[in-house]
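Presented below is the structure to which this report refers.
Only the coordinates and a few stated rules stand behind these numbers; no lab work does. Every value quoted in this text rests on a predicted model; they were computed, and no experiment measured them. Positions of Cβ are backbone-derived with ideal geometry, glycine not excepted, and every protein chain shown enters the neighbour counts.
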Amino acid sequence: MDQDSRQVSRLWRVYRTIHQMVDDRGYLVSYSELNMDLDAFRAQYARGGAVDRNSLTFLVQKRDDPADQVLVFFPEEPSLGVKTIRKYCERMLTQNVQKSIIIYPESLTPSAKKAVEHVGDKYHLELFKEADLLVNITHHNLVPRHDILSPEEKRTLLQRYRLKESQLPRILINDPVARYYGLKRGQVVKITRASETAGRYITYRLCM
């Protein structure tokens with residue numbers, strides 16, 4: 001397999017995982033995008049042999065809130081720089097989108113990191129390295145099911161067990177599964193594990 005073919009296969013896996021991710025977060029994703037095979041991906045995005053990363057950019061909206069939209073970007077440069085971050089923010093401004101996911105090939109420059117922090121009060125930019133999305137970690141048999149509680153469900157949980165928020169076990173915001181679901185600080189996730197004795201075992205964790 002030549003280098004272009006390996007790169008096409010790699011990006012197809014990443015493309016598949018990011019569509020599964022936004023689908024799991026409650027955004028509208030077409031069946032054809034979720035189930036696109038390698039041949040279809042190659043025919044659509046790599047007609048010349050190599051993938052045009054700019055053509056991979058896509059926009060999704062929440063199933064129950066069309067105003068909640070996310071732009072997903074695939075920058076071309078191996079080391080993501082501040083100019084590209086600014087370009088993406090300009091596009092977000094033009095399209096009136098406050099959230100984006102940026103999937104960079106290899107690394108992030110220090111100036112790009114500062115730029116992301118600088119715009120954090122206006123835009124929500126999530127950064128993922130390609131290598132982190134080659135496989136969907138939530139599909140691993142050792143990763144239990146995670147469900148994010150709504151604010152109402154969280155209040156009901158705390159009232160039912162007479163708990164303070166601080167008494168809940170914690171999941172770190174940079175935990176791989178927390179990043180996959182886009183958990184925010186203060187959110188509670190319900191974790192359902194298989195149990196040989198009880199059938200299933202449920203725990204709750206507060207994102208910190």
Discussion item. To test your reading of the geometry: what angle, between 0 and 90 degrees and rounded to tens, separates the Cα axis of helix 82-95 from the longest principal axis of the chain?
Written reply: 70
Worksheet item: Given region 16-84, what whole percent of its Cα pairs are spread farther than 18 Å?
Response: 47
Worksheet item: Pairing the Cα long axis of helix 3-24 with the longest principal axis of the chain, what angle in degrees results, from 0 to 90 and rounded to the nearest 10?
Response: 30
Discussion item. Can you report the principal axis dimensions of region 66-163 using only the alpha carbons, biggest first, rounded to whole angstrom?
Written reply: 50, 33, 26
Worksheet entry | Count, lysine Cα pairs under 19 Å in the chain, 8 or more residues apart or across chains | 27
Discussion item. Can you compute the helix-only [θ] at 222 nm over the chain? Use -39500 (n - 2.57) per DSSP H run of at least 4 residues, normalise by all residues, nearest 500 deg cm²/dmol.
Written reply: -10500 deg cm²/dmol
Fill in: For the chain, average projected area of the Cα convex hull in nm²
14.2
Worksheet item: Using alpha carbon coordinates only, what is the Rg to Rh ratio of region 138-207, with Rh defined as the Kirkwood radius?
Response: 0.97
Practice prompt. Taking the dipole about the Cα centre of region 39-117, with the C-beta of Lys and Arg at +1 and of Asp and Glu at -1, give me whichever of 116, 72, 43 is farthest to the positive side.
Written response: 116
Practice prompt. Could you tell me how many degrees, from 0 to 90 and to the nearest 10, lie between the Cα long axis of helix 151-160 and the main elongation axis, the longest principal axis, of the Cα atoms of the chain?
Written response: 30
Discussion item. Taking 8 Å as the Cα distance limit and 6 or more residues as the minimum spacing, I'd like the relative contact order of the chain as a percentage.
Written reply: 15
Item to complete: Just subtract the alpha-carbon distance of residue 65 and residue 6 from 0.36 nm times their residue separation and send over the number in nm, one decimal.
Response: 17.5 nm
Worksheet, complete the sentence: Of 163-169, 173-179, ordering from highest average Cβ density within 10 Å down gives 173-179, 163-169
Worksheet item: Is any residue of region 14-50 close enough, with backbone N under 18 Å, to a label point placed 7 angstrom from the Cα of residue 91 along the Cα-Cβ axis, and if so, which?
Response: 14-16, 18-19, 22, 45-46
